[in-house]
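Heads up, the thing below is written out as structure tokens.
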Amino acid sequence: MTLSAQATAPAGHSPRPVYQLHGVNKSYAQRNVVALSNVNLTLHQGSFSSVIGSSGCGKSTLLKIMAGLQSPSEGSVMLDGKPVLGPREDIGMMFQQATLLPWLTTLENILLPIEIRSGRHSARAALDKAHTLLELVGLKGFEAVYPGELSGGMAQRAAICRMLIGEPKVILLDEPFSALDEINRDFMNMELQRICLQANATAFLVTHSIAEAVILSDVVHVMSPRPGRFVEAFEIDLLRPRTLDMMTTPEFGAYVHRIRDLLGKGALS
Amino acid sequence: MSDTLNHAPADPSSASPPPSTVWKEKQSWLDVLPTPVAMAMLVAIFVAIWQAIHLSGLVSPIILPSPARTGAELITVGANLLSGGFVFKAFLVTAQEVVFGFAMAIVIGVTLGIVVGETHFGERAVMPLIVAIDTMPKIAFAPVFVAWLGFGIASKVALAAFVAIFPIVVGVAAGLHAADENSRMMFRSIGASRWQTLRRLKIPAGLPQFFTGLKIAAIGVVAGAITGEFLGGGRGFGDLIRTAASQLDTARVFALIFYLSLLGLATYWCVVLAERRMVFWRRTNAVAGGGR
């Protein structure tokens with residue numbers, strides 16, 4: 001069940017590759033650090049992939065390169081057939097913190113990407129879409145509320161809306177719920193799955209929780225540090241939609257066990 | 001509390017534990033006093049000491065007038081102020097200097113603050129110079145401004161602005177660094193330009209620091225205007241105070257200073273009101289970046 005880093009598309013999904021990385025390297029010359037070494041990755045339309053690794057293995061660098069926030073030292077990054085050379089409209093991103101602006105209402109926060117890219121007029125035109133998204137994440141009725149009055153989970157839901165408002169082709173998630181408590185995190189992960197399935201989104205998640213990676217993903221890539229590289233990819237063959245109850249099944253446990261085993265070896269070497 | 005909970009009796013008469021076992025938080029009566037009462041009490045003590053010193057006859061009434069005499073002068077000066085007499089005219093002059101000086105300080109301070117906070121050049125080259133000038137006793141420049149701008153209102157406005165600029169520059173520059181790294185990254189990821197990032201993220205996120213600088217400046221601007229009047233003449237409040245002092249009319253000096261402090265208080269309160277309007281989101285306890 002383990003695959004090469006360039007995993008084939010999971011069954012049931014369109015095999016069309018959306019996001020492709022070839023031979024991506026990143027090194028910081030001054031500090032003599034190789035952050036990423038020969039990373040190859042393909043994300044297929046509608047699939048959910050994740051990358052897991054210990055802190056400092058280069059997974060955040062990888063995500064920044066994929067988001068166009070940082071350039072690789074070498075390698076090609078293609079989204080939808082066009083090279084990624086900077087931040088792009090068809091990439092949605094979500095961070096550890098909700099990063100909502102406290103002086104804007106929830107609705108204004110969600111429309112911010114549209115307003116920044118295309119101005120106020122376009123933002124007004126996207127109002128209907130924003131309302132639909134708010135309903136999708138269960139924040140209907142909170143349009144005029146300021147972020148200071150939202151709970152952590154609600155703020156992250158609003159951040160999901162802001163990420164989806166531009167109808168991105170791929171969504172990049174940087175440990176999006178790690179600031180939440182475990183009960184809320186499990187719940188939000190299930191919500192994320194529901195939203196992704198409903199929007200048929202192609203998602204890429206960076207995490208350091210094995211259980212989170214397994215329960216959400218079609219493919220889990222394991223990264224090893226110094227230099228940051230992909231060591232193995234696991235295809236997770238659990239039914240969709242996944243439920244939290246699946247986390248107690250032997251199959252789930254077996255995946256977790258094998259990934260932890262691999263990570264443990266990586267830490268020793 | 002429900003009274004079915006027998007381990008937490010609501011009625012103290014029923015089976016309360018022996019007093020020796022009760023551990024109660026102790027609070028000083030001073031801490032439970034309502035704030036206005038506490039303040040009034042302090043003022044009363046202060047006046048009582050003042051009166052005692054006066055009655056002892058140890059200090060000449062020319063140096064320290066009695067509270068009653070000062071109170072009477074307070075009423076005389078206040079009546080003149082309200083009826084549009086010479087005190088009112090002087091008040092207008094000083095108020096004008098304060099308003100113009102403050103406006104000038106805000107325009108120049110904000111511009112310099114943005115240069116310092118937003119550009120690398122400003123941070124490296126402009127900021128050290130500003131710090132160097134800020135460490136100078138700015139009041140010492142008063143004769144220079146008088147020499148340049150004459151004995152009219154202009155030299156006082158210039159000195160008032162000069163004193164108030166620096167806290168504004170520092171507040172703006174610090175404020176522009178207030179937005180956290182995650183919010184900046186979010187702005188970059190949605191393709192915001194530098195101008196958009198400044199206008200939509202850094203400036204709003206920096207408003208609390210800006211207003212902190214503005215509050216310090218609001219106090220400085222009145223001090224600057226009065227110093228300018230002391231050293232450069234004119235028809236303002238500073239001149240009235242100087243004249244009264246030279247006539248050894250200490251009670252009048254005290255009364256004038258009291259009304260002058262109202263001008264400072266009004267300036268300060270304008271800033272506080274503006275802050276409440278513009279930084280409304282801070283009261284909800286949020287940080288730029290949210291949910292941290």
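Considering Cα pairs under 8 angstrom that are at least six residues apart, work out the relative contact order of chain A and quote it in whole percent.
27 percent
Just list whichever of A:K59/A:K169; A:K26/A:K129; A:K64/B:K202; A:K64/A:K169 have alpha carbons separated by over 26 Å in the model shown.
A:K26/A:K129
When the expected Rg is taken as 2.2 N^0.38 Å, what fraction or multiple of it is the alpha-carbon Rg of chain A?
Cα Rg divided by the expected 2.2 N^0.38 Å: 1.00.
Across peptide A:97-110, what mean number of C-beta atoms from other chains lies inside 10 Å of a residue's C-beta?
6
Give, to the nearest whole percent, the P(r) tail of the protein assembly as shown beyond 34 angstrom, counting all Cα pairs.
59 percent
In peptide B:178-189, how many Cβ atoms from other protein chains are near each Cβ within 10 Å, on average?
Per residue, the number of nearby Cβ atoms from other chains is 6 on average.
Suppose every Lys and Arg Cβ carries +1 and every Asp and Glu Cβ carries -1, with no other charges. What dipole size does the stretch A:98-167 come out with about its Cα centre, to the nearest 20 debye?
Using only the charged Cβ atoms, the result is roughly 120 debye.
Output the Kirkwood hydrodynamic radius of the stretch B:89-233, Cα pairs only, in Å rounded to one decimal.
About 16.1 Å for the stretch B:89-233.
Based on the mean of other Cβ atoms within 10 Å per residue, sort peptides A:167-174, B:126-133, B:74-81 so the most packed one is first.
Final packing ranking: A:167-174, B:74-81, B:126-133.
I need the peptides A:110-122, A:55-67 ranked by packing, meaning the mean over residues of other C-beta atoms within 10 angstrom, with the highest value on top.
The packing order, highest mean first, is A:55-67, A:110-122.
How much net charge surrounds B:V98 when only the other residues with a Cβ under 13 Å from the Cβ of B:V98 are counted, with Lys and Arg +1 and Asp and Glu -1?
Neighbour charge sum, excluding B:V98 itself: -1.
Express the C-alpha Rg of the stretch A:98-167 as a ratio against the empirical globular expectation 2.2 N^0.38 Å, rounded to two decimals.
Here the answer is 0.97, to two decimals.
For each of B:T70, A:T99, count neighbouring Cβ atoms within 10 Å of the residue's Cβ, then give the residues from fewest to most.
Ranked by crowding around the Cβ, least crowded first: B:T70, A:T99.
Mind checking the dipole of chain A: about its Cα centre, +1 per Lys or Arg Cβ, -1 per Asp or Glu Cβ, Debye to the nearest 20?
Its charge dipole is roughly 700 debye.
How long are the semi-axes of the equivalent ellipsoid of the stretch B:151-292, taking √(5λ) for every eigenvalue λ of the Cα gyration tensor, in whole Å from largest down?
42, 16, 9
Take the Cα pairs of chain B, get the Kirkwood Rh, then feed it into Stokes-Einstein at 20 °C and 1.002 mPa s and tell me D in µm²/s.
Translational diffusion coefficient: 91 µm²/s.
So if the hydrodynamic radius of the stretch A:179-269 is defined as the Kirkwood radius over C-alpha pairs, what does Stokes-Einstein give as its diffusion coefficient at 25 °C and 0.890 mPa s, in µm² per second?
175 µm²/s
Please compute the average number of Cβ atoms from other chains found within 10 Å of each residue's Cβ in peptide A:159-167.
1
If one computes the Cα centroid of the stretch A:130-167 and of the stretch B:75-89, what distance in Å separates the two points?
58 Å
Between rounded, prolate and oblate, where does the stretch A:63-144 land on the alpha carbon gyration tensor, with a ≥ b ≥ c its root eigenvalues, rounded for a/c under 1.5, else prolate if a/b exceeds b/c?
prolate
Before anything else, pin down the relative contact order of chain B: Cα pairs under 8 Å, at least 6 apart, normalised by residue count, whole percent.
22 percent
Pull up all non-local amide H partners of A:E232: gap of 5 or more, or a different chain, and H-to-H distance under 5 Å with H placed in the peptide plane.
A:V222
Values in this text are rule-based calculations from the coordinates and carry no lab data. Keep in mind that what you see is a predicted model, and the values were worked out from it rather than measured. Quick reminder, even Gly has a Cβ in these numbers, built from the backbone with ideal geometry, and neighbours come from all protein chains shown.
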